[in-house]
Amino acid sequence: MSFQELINQNKPVLVNFSANWCGYCVKILPVLEELKNRVGDKANIIEIDIDKDSQVANTYNIRAVPTIIIFKNGEIRWRQAGVFPANELERLIHESL
């Protein structure tokens, strides 16, 4: 499934834009794992390495990492750079259901 097909789904897709050299990106990984356990199949949670997939990062004008974007039906529902608690991200996903 292509990135575009993935974000065009009828359920929320949280995309974590990150990089291996980013310390904050490492800090958010356990948060995203916890979030995956909480939301189950209600949402997809994926990671895009901006160095390996620069075309997607450029398409969405990613200038800071980590940047999290929540998509639904191909539309951006929420976007922010930084590290966030699982509770906040879970709330945002539920608002996008």
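Just so you know, all these numbers are worked out from the coordinates, no wet-lab data involved. Predicted model, so just to flag it, every value in this text is computed and none were measured. We place every Cβ from the backbone using ideal geometry, glycine too, and count neighbours over all the protein chains shown.
Key figures
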quantity: GNM flexibility winner over the chain from K11, K72, K42 (Cα, springs under 10 Å); calculated: K42
quantity: Relative contact order [Cα under 8 Å, 6+ residues apart], the range 3-78, whole percent; calculated: 51
quantity: Per-residue Cβ neighbour rank within 10 angstrom, fewest leading, V31, V15; calculated: V31, V15
quantity: Space enclosed by the convex hull of the alpha-carbon atoms of the chain, per residue, Å³; calculated: 87
quantity: Likely footprinting exposure, S54, S2, S96, S18, fewest C-beta neighbours within 10 Å first; calculated: S2, S54, S96, S18
quantity: Beta bridges per DSSP with both ends in the chain, % antiparallel, nearest 5; calculated: 65
quantity: Eligible lysines near K11 by straight Cα distance, threshold 18 Å, same-chain separation 8 or greater; calculated: K36, K42, K72
quantity: Euclidean distance between Cα centres, the range 1-48 to the range 62-81, Å; calculated: 10
quantity: Fully extended contour minus Cα-Cα distance, from L97 to E33, at 0.36 nm per residue; calculated: 21.1 nm
quantity: Backbone HN-Hα couplings from phi across the range 66-74 [Karplus 6.51/-1.76/1.60, Hz, Gly and Pro as x]; calculated: x, 10, 10, 10, 9, 10, 8, 6, x
